[in-house]
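Notes to accompany the following structure.
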């Protein structure tokens, strides 16, 4: 178990380096949220998600829907690492004609991308549709949907929350990136969300609230969430925006923006150092 | 107190007769919700609401915003009874060129109407704007906003709920018509809302949950809600759809639809009988 | 439902009935509504196939994105609600989740236009053709009567490559087609040949246009009537050919004159008109106003969407043509 | 911010600065945004007048209806967010609470069009003119540069009778007007006189049109350039007079060719064209496609919204005119 966790942590730091390099090379993008979500998405993609990079359309694959689409660099890094498309694509992010759009796009047929996001608040409804289809077809795939905390300001998120509860979508697991930051500042200052867990509970969801950088908590939460029956589940993952890059951590100004040359070098140095403090690695 | 309550009850039954007659003459409309809300709106308009029918634009008037606009027959009956416009207008409801539109309309300059509703889920946001303006202008008017239970399915209602809490709009009192019915059937069957009070509580509102036909509870709720400071208040009024007309009571098919001749006569008979069982009357 | 030429018949009932037929044949068909099962007649499908019917309460934005999720998971979703709640409230969700992804969702909107009647402006959607026509990947179909509605809904069964919006109404429309009528996606149909002016119409206004042509004929004016039931993609060839022959165009729609059929024809004539002489255009529709309460008939009269109104527009077009 | 002819300057910064000036003069002015204070430059107002600034988080539908409540309580609200979140997500709330009530809300949308750049299709609003132009009571203004933006925002101070939508962009535009420029609501302005073809443009495309006219002049073609900054109400007189003179029209906009300036001109020419000879129309814009990621410059090039693209359209229009 410990060896596995260390390998996952190393993987997360490797993915973070790709995130920083993608945004640096693109000269724009949203590094903060992506870095904060690296741990929870690494645990999901490298330990729990059933998928086949050689067959992205495998009907029984688990679905991963990224509703907070601006954090896509971490998803793209994972998909490249898994072999959904060549790593070279990462460095063309956001450029005209590139496969990798500024926000995830099915229109551009990015392998592994299930939903075109970018406009906030829509993905959880889409995920409900995918989960309903799974129930109708009696397929046992699971639907994981990442949403941001600020997406809980969009009313549509609560429409989807009602729907998932009403239709007992226990094949749906939402992952809430609770980093307390939105573009203009801390969520509680811009448009307060607390008590956020109480809201989800009142909407009938099963709640798992964890430190999104504690791997034991992450693994336990996914294991428990996958067991729950009869209602939708949400993992409220308390993440640190910019996690792993000292000058980005907790600073909402890194919601979007590309690092300078010097910042890029420092970030990569810090991320390498953190990775090498883990014992061993795992394959892509 | 008892005499006052009996007078209010008589008034509510008088208004209900107007509701039934309006819908009967219009041959269309939404009688069920209007009848169910008659008691709570009578208590509000005849005991608490500060307004001047001779001066509908009085800057310090309390505002009444009917977000669930399809229940407008009860509002129109009240406004006519209060003298905002001649009673004859009631009988032209929904006809071409009439003052009284099928849904409340400021575009048609209906005196006493503060907001054009009809499309559900919008009114509470509008009410937040009116309440914010009151705070900015340091006016002590109160904003009452009626919403339906099914409007709690519209995500925008929850956006407004967040907003009213964030901006501490304690001059805003929502009145929730909890009659458990929507067009297609019982709310809990169509898109479940319970535990509804828990939802509003988790969104930071002060809750008053009452039997919407019990005048002592109604009066206490308004008195308490008007005292509350620091956050928005909601009176969850458990109302019986079609209240007062036996064959409409609790039957969601009377969400909309006009009574036949025989049904109309029976309804008026029942409402007169109920009114005369109260002791005395009050002025308009 | 039996459909008799000239008698009024409900488009939404035709829709509801065909939907059940389709449901029998293809179990991938699922149906969604937002608390309007009865009003959209999707309750017929709900009764027959309750497990493939989803009532989402009053959550239109949610419904549209959810339908996209079903479509991209191999289902064939039909989404039905009032036009204001289909092309209005969830417009951006239709754009993002359905149009941008080209998710093959069939949106069948009822209660479009003034003929909603007594409910008034909030419910009288006069901007839906405008809102959907502008979206890439979306097709827009406006059937003229219950017969065409049946044909259109049947055709949607195999409309799998991209999403489509179908515009129906609350009020029954006079039946203008006999049972032999065939709907061809993307083709406008000349219903009446004429020489001096072309009337392009959709929806209820096809019936009105046919009557207008009779009024004009009585005055010695030969009007061609074209049913443009596929608004997008527009049948440029039929449109241009007809005006090339007649030299004058009138459009008639139960919609704002901005952004709907009138605009589509104006764009087509502007960009594709091959003629030397100018061809005047007159648009009949709602002229940049909201609706209001009233009976369907009274409103059609009040807003001038009548055979007489169309005939007058045709005469104006002819006068402009002759002045030159 | 100093504005120099020919240099690029930010429209949204001009907006943010003027907003502060207006705030000084009239305390009824309140400003709303939905988690985009920095991006819309309304943070300048927020810093100066925090008590009259409301950040509503990511609740666009809520924000629009709330703004209507403020407007109908005597305030002068300016609402600012990205165009997709102003004319898209809350479209029905704009219709119901703002347009139908004619609540004098000033919607100033930034980040319209392709020049949003790298964020891609979800954020590149190419349908906002379409969506707002169709709404009764709504005015639509598209300033050509930072100078005109300043004039427009100043003018909004007294725009109290009905709501208005102003379309700005993310990318800085070249300044085309010197400081003496005056904006007149409802008037299109002939910026360059010409004889053979009229180019109607708005927004960034005014600059492109002026350069196109130079390209055409080098080929001996005399093009007139008209800045249609008020798209609604359209200045019919100026539009018709110009085409009556030149006999050919080109429209240029950073928007779908459906539903925007191109449609407005097509409608105007169809219904109001008094000439005997047909006047061809060519529309430059995005032709029924979604946007994509890329730099603003690369996208403008890729979608053909260039001076060269406009010049080619003008030549096509001329050829059609001459063929007749």
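If you check A:108, A:103, which single one turns out to be assigned to a loop (DSSP other than H, G, I, E, B), out of contact with any strand residue (DSSP E or B) (no Cβ under 7 Å at 6 or more places or on another chain), surrounded by fewer than 24 Cβ atoms within 10 Å (Cβ to Cβ) and within 11 Å of chain C (Cβ to nearest Cβ)?
Result of the check over A:108, A:103: A:108.
Being in contact with a strand residue (DSSP E or B) (Cβ under 7 Å, 6 or more places away or on another chain), more than 25 Å from residue C:124 (Cα to Cα) and in a loop (DSSP other than H, G, I, E, B), is that true of even one residue in region C:194-217?
yes
What is the residue count in region C:82-120 for residues that are over 22 Å from residue D:101 (Cα atoms), within 11 Å of another protein chain (Cβ to nearest Cβ) and not in a helix (DSSP H, G or I)?
Looking only at that region, the number is 5.
Of the conditions (1) in contact (Cβ under 8 Å) with a residue 40 or more places away in the chain; (2) buried (at least 24 other Cβ atoms within 10 Å of the Cβ), residue C:186 fails just one. Which one is it?
Unmet condition: (2).
Could you tell me which of the residues D:234, D:269 is within 20 Å of residue D:144 (Cα to Cα) and within 21 Å of the chain's Cα centre (by Cα)?
D:234
Any residue at all in region C:102-110 that is buried (at least 24 other Cβ atoms within 10 Å of the Cβ) and more than 19 Å from the chain's Cα centre (by Cα)?
Scanning region C:102-110, I find at least one residue that is buried (at least 24 other Cβ atoms within 10 Å of the Cβ) and more than 19 Å from the chain's Cα centre (by Cα), so the answer is yes.
Taking residue B:183 as meeting all but one of (1) surrounded by 24 or more Cβ atoms within 10 Å (Cβ to Cβ); (2) more than 14 Å from chain A (Cβ to nearest Cβ); (3) within 25 Å of residue D:92 (Cβ to Cβ), write down the number of the exception.
So the condition that residue B:183 fails would be (1).
Are any residues in region C:265-278 within 7 Å of chain D (Cβ to nearest Cβ) and either touching a strand residue (DSSP E or B) at 6+ places or on another chain (Cβ under 9 Å) or buried (at least 24 other Cβ atoms within 10 Å of the Cβ) (or both), and if so, which ones?
Correct list: C:266, C:267, C:269, C:270, C:271, C:273, C:276, C:277, C:278.
Testing residue D:53 on (1) touching a strand residue (DSSP E or B) at 6+ places or on another chain (Cβ under 8 Å); (2) within 12 Å of chain B (Cβ to nearest Cβ); (3) crowded, with 24+ Cβ neighbours inside 10 Å; (4) closer than 20 Å to residue A:191 by Cβ, one condition comes back false. Which one is that?
Of (1) touching a strand residue (DSSP E or B) at 6+ places or on another chain (Cβ under 8 Å); (2) within 12 Å of chain B (Cβ to nearest Cβ); (3) crowded, with 24+ Cβ neighbours inside 10 Å; (4) closer than 20 Å to residue A:191 by Cβ, only one is false for residue D:53: (3).
Does residue D:46 meet the test of being modelled with pLDDT of 95 or more, touching a helix residue (DSSP H, G or I) at 6+ places or on another chain (Cβ under 9 Å), in a helix (DSSP H, G or I) and within 11 Å of chain B (Cβ to nearest Cβ)?
no
From the list B:40, B:19, exactly one residue is over 18 Å from residue B:118 (Cβ atoms) and under 16 Å from the mean Cα position of the chain (by Cα). Which is it?
Unique residue meeting the criteria: B:40.
For region C:285-303, indicate whether the set of residues that are under 22 Å from residue C:222 (Cβ atoms) and either in a loop (DSSP other than H, G, I, E, B) or touching a strand residue (DSSP E or B) at 6+ places or on another chain (Cβ under 6 Å) (or both) is non-empty.
No: region C:285-303 contains no residue that is under 22 Å from residue C:222 (Cβ atoms) and either in a loop (DSSP other than H, G, I, E, B) or touching a strand residue (DSSP E or B) at 6+ places or on another chain (Cβ under 6 Å) (or both).
Going through region C:220-255 one residue at a time, which ones are under 20 Å from residue C:319 (Cα atoms), out of contact with any strand residue (DSSP E or B) (no Cβ under 6 Å at 6 or more places or on another chain), touching a residue at least 24 places away in the same chain (Cβ under 8 Å) and outside any helix (DSSP H, G or I)?
Across region C:220-255, the qualifying residues are C:221, C:222, C:247.
From the set of residues in region A:160-180 that are within 29 Å of residue A:139 (Cα to Cα) and assigned to a loop (DSSP other than H, G, I, E, B), which is nearest to the other protein chains (Cβ to nearest Cβ)?
A:167
Run residue B:59 past the list (1) touching a strand residue (DSSP E or B) at 6+ places or on another chain (Cβ under 8 Å); (2) surrounded by fewer than 23 Cβ atoms within 10 Å (Cβ to Cβ) and report the number of the one that doesn't hold.
Every condition holds for residue B:59 apart from (1).
Which of the residues that make up region B:186-215 are more than 9 Å from chain C (Cβ to nearest Cβ) and in contact with a strand residue (DSSP E or B) (Cβ under 8 Å, 6 or more places away or on another chain)?
B:196, B:197, B:200, B:201, B:205, B:206, B:207, B:208, B:209, B:210, B:211, B:212
Kindly indicate whether residue C:258 is assigned to a loop (DSSP other than H, G, I, E, B), touching a helix residue (DSSP H, G or I) at 6+ places or on another chain (Cβ under 9 Å), surrounded by fewer than 24 Cβ atoms within 10 Å (Cβ to Cβ) and touching a residue at least 60 places away in the same chain (Cβ under 8 Å).
In short, no.
Would you tally the residues in region B:58-86 being touching a residue at least 60 places away in the same chain (Cβ under 8 Å) and either under 19 Å from the mean Cα position of the chain (by Cα) or part of a helix (DSSP H, G or I) (or both)?
16
Do you know which of the residues in region B:121-159 that are more than 19 Å from residue A:155 (Cβ to Cβ) and assigned to a loop (DSSP other than H, G, I, E, B) is nearest to the other protein chains (Cβ to nearest Cβ)?
That would be B:137.
Residue A:242 - would you say it is at pLDDT 95 or above, at positive phi and surrounded by fewer than 17 Cβ atoms within 10 Å (Cβ to Cβ)?
Against the criterion (at pLDDT 95 or above, at positive phi and surrounded by fewer than 17 Cβ atoms within 10 Å (Cβ to Cβ)), residue A:242 does not qualify.
I want to confirm something. Restricting to region C:1-12 and keeping residues that are at pLDDT 95 or above and touching a helix residue (DSSP H, G or I) at 6+ places or on another chain (Cβ under 7 Å), which single residue is surrounded by the most Cβ atoms within 10 Å (Cβ to Cβ)?
C:11
Only residues that are surrounded by 22 or more Cβ atoms within 10 Å (Cβ to Cβ) and either farther than 17 Å from residue C:197 by Cβ or away from every other protein chain (no Cβ under 14 Å) (or both): list them for region C:304-313, please.
C:305, C:310, C:311
If a residue has to be within 10 Å of another protein chain (Cβ to nearest Cβ) and either modelled with pLDDT under 95 or within 21 Å of residue A:133 (Cα to Cα) (or both) to count, how many in region C:18-41 make the cut?
8
Answer yes if at least one residue in region A:213-223 is part of a helix (DSSP H, G or I) and under 27 Å from residue A:26 (Cβ atoms), and no otherwise.
no
Which one of the conditions (1) surrounded by 22 or more Cβ atoms within 10 Å (Cβ to Cβ); (2) in contact (Cβ under 8 Å) with a residue 24 or more places away in the chain; (3) part of a helix (DSSP H, G or I); (4) over 15 Å from the mean Cα position of the chain (by Cα) does residue B:91 fail to meet, given that it meets all the rest?
Condition not satisfied by residue B:91: (1).
The values are calculated or read from the model by the stated rules, or taken from the named source; none is laboratory data. Since the structure is predicted, the reported quantities are computational estimates derived from the model, not experimental observations. Heads up, the Cβs are rebuilt from the backbone with ideal geometry, glycines too, and the neighbour counts pull from every protein chain shown.
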